[in-house]
1. Consider THR68 carefully, then state whether it is hydroxyl-bearing (Ser, Thr, Tyr) and either open to solvent by 60 Å² or more (accessible area, probe 1.4 Å) or on the phi > 0 side of the Ramachandran plot (or both).
2. Kindly state which strands (runs of 3 or more DSSP E) lie completely within region 1-63 and contain at least 2 residues that are touching a helix residue (DSSP H, G or I) at 6+ places or on another chain (Cβ under 6 Å).
3. Kindly provide the set of residues from region 71-81 that are surrounded by 14 or more Cβ atoms within 10 Å (Cβ to Cβ) and within 18 Å of ASN32 (Cα to Cα), ordered by number.
4. So is THR68 of a type in the set (Ser, Thr, Tyr), touching an Asp or Glu at 6+ places or on another chain (Cβ under 6 Å), within 15 Å of CYS95 (Cα to Cα) and not in a loop (DSSP other than H, G, I, E, B) or not?
5. Within region 83-95, can one find any residue that is charged (D, E, K, R), in a strand (DSSP E or B), touching a Pro at 6+ places or on another chain (Cβ under 7 Å) and open to solvent by 40 Å² or more (accessible area, probe 1.4 Å)?
6. Out of curiosity, is TYR59 under 10 Å from the mean Cα position of the chain (by Cα), modelled with pLDDT of 95 or more and of a type in the set (Phe, Trp, Tyr)?
7. Given (1) touching a residue at least 12 places away in the same chain (Cβ under 8 Å); (2) over 15 Å from TYR93 (Cβ atoms); (3) among the aliphatic types (A, V, I, L, M), where does LEU47 come up short, assuming only one miss?
8. List every residue pair whose Cβ atoms lie under 7 Å apart, where the two residues are 6 or more positions apart in sequence or sit on different chains, the first residue falls within region 92-112 and is without any contact (Cβ under 8 Å) to a residue 24 or more places away in the chain, and the second residue, located anywhere, is of a type in the set (Lys, Arg) and part of a loop (DSSP other than H, G, I, E, B).
Amino acid sequence: QVQLVESGGGLVQPGGSLRLSCAASGRVFSINDMGWYRQAPGKQRELVATAISGGTTIYDDSVKGRFTISRANAKKMVYLQMNSLKPEDTAVYYCNAGIRSSLMNPFYTFWGQGTQVTVSS
């Protein structure tokens, strides 16, 4: 079994910062991409940022220059530093990772349970 567990969400004022963390545990042999998605009420889930195993990072245009994704591969963790937060960043943020449990298995996509981020004064 594989689990992704997020932490770090909460309530913050506009212009503030939060740091989200996500840890992979269980039968994790290797991880390729790790990233963050978000889903606001009444909207579809959307990509926020992803960190590919080779080091490339991809961001949605709405967060470029404000959010930074990083990985700690030895710890099987991914982080999202969110600065200059805006009310429109309010959403449930989900961790996502492509993980395989052994060298013989393919990569499967796993999701965390989500953590709420609310930006409001």
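The values are calculated or read from the model by the stated rules, or taken from the named source; none is laboratory data. Keep in mind it's a predicted model, so treat the numbers as computed, not measured. As a convention, Cβ positions derive from the backbone with ideal geometry for all residues, glycine included, and neighbour counts pool all protein chains shown. The protein model used for the area step is the full one, side chains on, heavy atoms only, and it has no ligands, DNA or RNA in it. Shrake-Rupley method; radii C 1.70, N 1.55, O 1.52, S 1.80 Å.
1. Yes.
2. Counting at least 2 such residues, we get no strands (runs of 3 or more DSSP E) at all.
3. ARG71, LYS76, MET77, VAL78, TYR79, LEU80
4. Criteria not met by THR68.
5. no
6. No.
7. Of the numbered conditions (1) touching a residue at least 12 places away in the same chain (Cβ under 8 Å); (2) over 15 Å from TYR93 (Cβ atoms); (3) among the aliphatic types (A, V, I, L, M), the odd one out for LEU47 is (2).
8. none
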